[in-house]
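All of the numbers you see were taken from the coordinates with simple rules; none came from a lab. Fair warning: this is a prediction, and the values are worked out from it, not measured in the lab. Cβ coordinates were reconstructed from backbone atoms using ideal geometry, including for glycine residues, and neighbour counts include every protein chain displayed.
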Amino acid sequence: MDALPTHLLQLALQSADLGVWMLDLERDQEVLRSLRHDQIFGYETLQPQWGLEIALTHIVEEDRHILTDAFERARTVGSLSCEFRVRWPDGSIHWVSPLGRTEFSEGGIPLRVSGVVADITVRKQMEAESLQRSKMAAIGELTAGIAHDFNNILQGLGVSFELISNLARSGRFSAVPERARRGQELVQRAAMITHRLLAFSRRSPLAPCALDLASRLPDIVSLLRPTAEHHVNVTVWVSPNLPAIHVDSAQFEAAILNLLVNARDASPRGGNIEVTAQQAQDMTLALDDDKTYQSFALIEVMDQGSGIPLEQLDQVFEPFFTTKPIGAGTGLGLSQVYGFANQSGGKVDLDSVLGVGTRVRMWLPFESSDSSTDAVVETLSPSLEQSSVIDKPTGRILLVDDEFEVRETMATWLKQLGHEVIVASDASGALERMREAAESFDLMISDIGLTGPMDGCELAYQCRVLYDDMPVLLVTGYAGDDLEKRLPPDTLVLVKPFDMPTLVAAIAKCVT
């Protein structure tokens, strides 16, 4: 094919709003460039000189490596393509994208790179605006889902409190415990929602430990069998001699149960649900903390149910998205699985064929010799049947919480349990109580998210400095995804909300 006439090339460049350039690699000097090239860098006229070093002075500092790396690749692979930000002489920031090819000598030495350059600022702005709209839409859906569920819970709690008040006024005290129990159930339902949301965002406190799939998976499946219809057959297979995985036991159980419940609900006409576990082949994942697990367990849950429409597959892990009828599902099950797998250093994916069934695959890391167990994040599950009258040691407790209602409620609980309680609203007040105390404390209970310059984790370290052997119990509603790194060794953490029996169990674990 004959080359295009020069005037047609010029027309094409003008229509595409592209600048032209050619760089001599040996001299680092552009031997050819158009006016539009310099205009894209913020100049109204052609500049006397130009080259890679001059171009770098116009690029935002954090982006300079992008262009130097692109030219290094161009010297070997023969092509150049990248995007970066430039600062114009007037101080404004613009996005620029060069595209070029390398000319080599007969001996393979790179001589020149020539190509075009475009101002992509408008495109980047449109992408950013589109992303922001998508984020706002997602936040709107998330907020609506949370508001719906919590408004229902608040309605139930409000009615429960009003009924308890009416029962007390009329002297019908025998009916109060049942109404209080229902209120506690609503609190646990709210806790489940927040825990699953934190799991989805990878901010749920985890207590990873060695977990044997050969014994654990059958136990979890046995929890589902009583609720499965008789025509749904659930089978488990675990590869022989499979090593233990390194995960949070409670969150793992929740993730598997969520997958099993989804598989059961998707199989109204019956069929098989298969749960398998084996060593994954050729699987490596890079983690946020720059560690890499080289070996993984692959856990699969497969059903022969109704399947998921293709257009919905990209949404299945989003919080509050559900394929179930209104009122039949929370839309939080798969989001918990997604968050748990990612926070554990693994991943999860899902494939489904409408009318055939669904397969969920979850990769989780094996236990390794350097797995840390110094810091313990305890997520004791409150039991509504557990008696509040428990054999318990009593002692002198320093209670630290910046929320007045929480502090007073917990102090009342502790006093009812027979403890002597000294309270403080922040870390500095707690340290002052320790220094002034004529008698040492048997335990410090502190919220992690204290107001002021020192949080609960730092206070725990200071407490260890003053009293080496004084136990510390930390409590939190949310403490961030780096909690394990911030905790002193051998520190117990109790996740809010919790009931009195759970608090008693945590105290006993700390002081015995």
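Using 0.36 nm per residue of separation minus the Cα-Cα distance, give me the extension gain between GLU103 and PHE161 in nm, one decimal.
On the way: separation 58, 0.36 × 58 = 20.88 nm, distance 8.00 nm.
Net length gain for the segment: 12.9 nm.
Convert each backbone phi in segment 490-497 into a coupling constant with the Karplus relation 6.51 cos²θ - 1.76 cosθ + 1.60 (shift: θ = phi - 60°), then list the ³J(HN,Hα) values in order as whole Hz, x for Gly and Pro.
6, 9, 8, 10, 10, 8, 6, x
For segment 208-267 and segment 447-512, compute the distance between their C-alpha centroids and round to whole Å.
That distance is 31 Å.
Packing-wise, with mean Cβ within 10 Å as the measure, how do 68-78, 258-268 rank, highest first? Kindly include the intermediate steps, with their values, before the conclusion.
On the way: 68-78: 14.5, 258-268: 20.7.
Peptide ranking by packing, descending: 258-268, 68-78.
Among PRO48, PHE104, ILE59, pick out the residue whose Cα is farthest towards the positive end of the charge dipole of segment 20-179, where Lys and Arg carry +1 and Asp and Glu carry -1 on C-beta, about the Cα centre.
So the residue furthest toward the plus end is ILE59.
Measuring from label point to label point, each 7 Å out along Cα→Cβ, what is the GLU185 to TRP88 span in nm?
The modelled label-to-label distance comes out at 6.5 nm.
Distance in nm between label sites at ARG75 and THR412, each 7 Å beyond Cα in the beta-carbon direction?
Spacing of the two 7 Å Cα→Cβ label points: 7.4 nm.
List the aspartates and glutamates whose alpha-carbon lies under 13 Å from that of LYS485, not counting same-chain residues fewer than 8 positions away?
ASP289, ASP374, GLU458
Give the long-range amide H neighbours of ALA280: residues separated by 5 or more places, or on another chain, with amide H under 5 Å away, using H modelled in the peptide plane at 1.01 Å from N.
Residues meeting the amide H criterion: PHE296, ALA297, LEU298.
Applying a 10 Å radius around every beta-carbon, put 48-55, 245-252 in order of their mean neighbour count, most first. Walk me through the numbers on the way to the answer.
Working: 48-55: 13.6, 245-252: 22.2.
Per-residue mean Cβ counts within 10 Å order the peptides as 245-252, 48-55.
Going by how many other Cβ atoms sit within 10 Å of their own, how do ILE59, ILE507, ILE120 line up, fewest first? Walk me through the intermediate numbers first.
On the way: ILE59 19, ILE507 26, ILE120 16.
Placing the least packed residue first, the sequence is ILE120, ILE59, ILE507.
In the structure shown, do any of LYS415/LYS496; LYS415/LYS509; LYS347/LYS496 have a Cα-Cα gap over 24 Å, and if so which? Walk me through the intermediate numbers first.
On the way: LYS415/LYS496 20 Å; LYS415/LYS509 18 Å; LYS347/LYS496 27 Å.
Result: LYS347/LYS496 exceed 24 Å.
Give me log10 I(q)/I(0) at q = 0.15, 0.18, 0.23 Å⁻¹ for segment 16-119, Debye formula, one equal scatterer per alpha-carbon, no solvent.
-0.56, -0.82, -1.34
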